[in-house]
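Below is one structure, written out as structure tokens; the observations come after it.
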Amino acid sequence: MSTHADEKSEYTNPLIERYASRDMAFVFSPRLKFSTWRKLWVALAEAQKELGLAIDQGQIDEMKAHINDIDYRRAAELEKQMRHDVMAHVHTFAEACPSAKPVIHLGATSAFVGDNTDLVVMREACLVLLRRFAPLIAALKDFALRYKDLATLGFTHFQPAQLTTVGKRACLWLQDLAMDFEALARFTDNLPFRGAKGTTGTQASYLSLFDGDHEKVKKLDRLVADKMGFDSVLPVTGQTYTRKIDADAAAILCGTAQSLHKIANDIRLLQNLKEIEEPFGKNQVGSSAMAYKRNPMRSERLTSLSRFVLSLATSPPMTAAGQWFERTLDDSANKRLSIPQAFLAADAGLIIAHDILSGLVVYPKVIRRHIDEELPFMATETIIMAAVKKGGDRQTVHERIRVHSMEAGRAVKTEGKRNDLLDRIAGDPVFGMSAGELEGLLNVDSFVGRAPQQTVEFISDHIDPLLQRAAAYGDAAPAELTV
């Protein structure tokens with residue numbers, strides 16, 4: 001086995017190399033993690049000073065001056081010796097801030113920086129995703145309105161069913177995405193801070209620091225949360241914040257993945273029908289062997305990434321369920337893997353979905369051909385009613401149209417003939433209807449119900465207000481597909 005130490009000799013995560021955005025990759029970077037640890041130590045010291053502990057401003061200023069200049073090599077050396085990541089960084093920070101050394105991490109446990117940072121990181125990751133939703137939903141809204149009147153075959157069981165419109169079908173996708181956005185927004189807006197809770201969540205160390213003053217300990221908890229930008233703080237914890245928060249996050253990402261997976265699958269099926277296609281680059285190659293192919297590779301990638309998020313959704317709930325008393329460490333390795341990768345993959349999925357949905361290609365003539373092949377079957381109830389109005393017996397007419405439908409369907413399937421159901425009905429005196437009269441009953445617009453109106457109403461009543469709310473989270477930085 002080769003052991004050559006070159007740049008391609010170690011595994012690298014494709015989520016970083018190929019799929020997720022730089023924004024999301026930074027959120028889960030060591031730089032953000034460890035600089036947040038230092039911000040937490042500053043916030044703790046500031047709050048302790050404000051509440052009367054003997055900490056001077058010079059110590060705090062010294063800490064602030066070294067939030068970002070982290071000596072990662074030194075921290076790695078110390079962690080190797082101590083086998084404790086938090087203490088390694090406490091000592092590394094103290095070496096950079098000698099006057100502040102006595103007050104760094106004062107009264108805190110490792111979870112103070114570890115868990116609070118995880119919540120900061122999770123909030124930032126949620127904000128990245130929230131900013132991804134707005135352009136995706138806006139692109140799909142435009143598509144739905146553009147094709148709100150374009151009739152198309154509806155499918156149940158992937159068998160031709162009553163007509164709908166291309167725009168109305170897009171509203172089904174929109175509604176799922178809107179539900180995902182709302183769920184993520186609620187989670188983000190209500191995400192609590194762990195705060196300053198001490199080793200087992202009792203705040204005993206802080207109570208000792210403040211000479212038994214319970215009110216000051218309560219204020220310390222609130223102050224640190226305020227300084228870190230959180231509106232709420234968990235009222236009680238063990239050593240860690242409840243891992244149900246991780247499980248909730250995973251469930252929301254799983255919901256988004258469900259929606260994206262369904263959209264991608266629908267597009268893949270439509271592309272096989274040649275009704276709608278994902279964007280296809282001018283120089284894109286569909287197959288190395290079959291040059292004519294236009295494979296739905298972006299939708300397939302979206303399906304694949306979404307499936308990965310779905311699979312990750314099981315780990316955080318199992319971790320939450322498996323915690324013992326105030327905490328066990330079997331959560332650590334799992335959440336280091338499952339939470340970042342779920343967010344990274346969801347980010348990639350939203351980017352790809354926007355790329356697909358903002359460039360869908362629709363083929364109305366193919367769609368109409370498919371309608372024409374099936375519409376005579378769908379119009380049978382209308383034809384029955386018209387024949388009865390002309391004096392026919394309902395049961396007799398129904399039986400005759402059943403027989404003609406079966407024969408026409410058999411000819412289409414076994415002999416490859418066109419659908420001649422209308423010709424058969426026009427030639428049957430039981431119906432008393434000419435070919436012209438039958439054609440008049442097949443007005444496509446009369447078979448789509450309220451699909452166009454539903455599209456306009458849904459977007460006006462639900463999507464437009466959602467996009468206004470989404471603007472509060474800011475605009476997403478442009479993100480392009482890596483591959």
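Derivation of every value follows stated rules applied to the coordinates shown; laboratory data play no part. Because the structure is a prediction, the values reported are computed rather than measured. Don't worry about glycine lacking a Cβ; one is built from the backbone with ideal geometry, like all the others, and counts go over all protein chains shown.
General observations
- Highest to lowest packing among 91-97, 356-362, scored as the average C-beta count within 10 Å: 91-97, 356-362
- Computed from Cα positions, the angle between helix 364-378 and the longest principal axis of the chain comes to roughly 60 degrees.
- 3J(HN,Hα) along the range 174-186: 4, 4, 4, 5, 5, 4, 5, 4, 4, 5, 5, 5, 4 Hz, from the Karplus curve 6.51 cos²θ - 1.76 cosθ + 1.60 with θ = phi - 60°, whole Hz, x for Gly and Pro.
- Its relative contact order, with pairs defined as Cα atoms under 8 Å and 6+ residues apart, puts the range 288-443 at 19 percent.
- For the chain, the relative contact order comes to 20 percent (Cα pairs under 8 Å, sequence separation of at least 6).
- Scaled against the 2.2 N^0.38 Å expected of a compact globular protein of N residues, the Cα radius of gyration of the chain reads 1.34.
- With both labels modelled 7 Å from their Cα along Cα-to-Cβ, the D71 to K244 distance reads 4.4 nm.
- Take every DSSP beta bridge whose two residues both sit in the chain; close to 90 percent of them are antiparallel.
- Residues whose amide H comes within less than 5 Å of that of F155, counting only those at least five positions distant or on another chain, are A161 (H built at 1.01 Å from N in the peptide plane).
- Extended-chain gain in nm, criterion 0.36 nm per residue less alpha-carbon gap, K219 and E373: 48.2 nm
- Using θ = phi - 60° in the Karplus curve 6.51 cos²θ - 1.76 cosθ + 1.60, the 3J(HN,Hα) couplings for the range 254-267 round to 4, x, 4, 5, 4, 5, 5, 4, 5, 4, 4, 5, 4, 5 Hz; x is entered for Gly and Pro.
- For L78, neighbours were defined as the other residues whose beta-carbon sits under 13 Å from its Cβ, and their charges (Lys and Arg +1, Asp and Glu -1) total -1.
- Alpha-carbon centroids, the range 8-37 and the range 417-436: separation in whole Å: 66 Å
- Residue-span extension gain [Q453 to L269] - 0.36 nm each, minus C-alpha spacing: 63.7 nm
- Bridging of K365 to lysines at a Cα separation below 26 Å is possible for K141, K148, K168, K262, K274, K282, K293, K413, K417, once same-chain residues fewer than 8 apart are set aside.
- Protection proxy ranking, peptides 375-386, 161-172, 142-153, average beta carbon neighbours within 10 Å, highest first: 161-172, 142-153, 375-386
- In the structure shown, the pairs K33/K244; K64/K227; K216/K335 are assessed against 24 Å; a Cα-Cα span above that value is assigned to K216/K335.
- Length-normalised contact order of the range 160-238 in % [C-alpha pairs under 8 Å, at least 6 apart]: 34 percent
- Extension gain, D420 back to T314 (0.36 nm per residue minus Cα-Cα distance, nm): 32.9 nm
- Karplus-derived 3J(HN,Hα), 6.51/-1.76/1.60, for each residue of the range 150-166, Hz, glycine and proline x: 7, 5, 8, 5, x, 10, 10, 6, 6, 10, x, 10, 4, 5, 10, 10, 4
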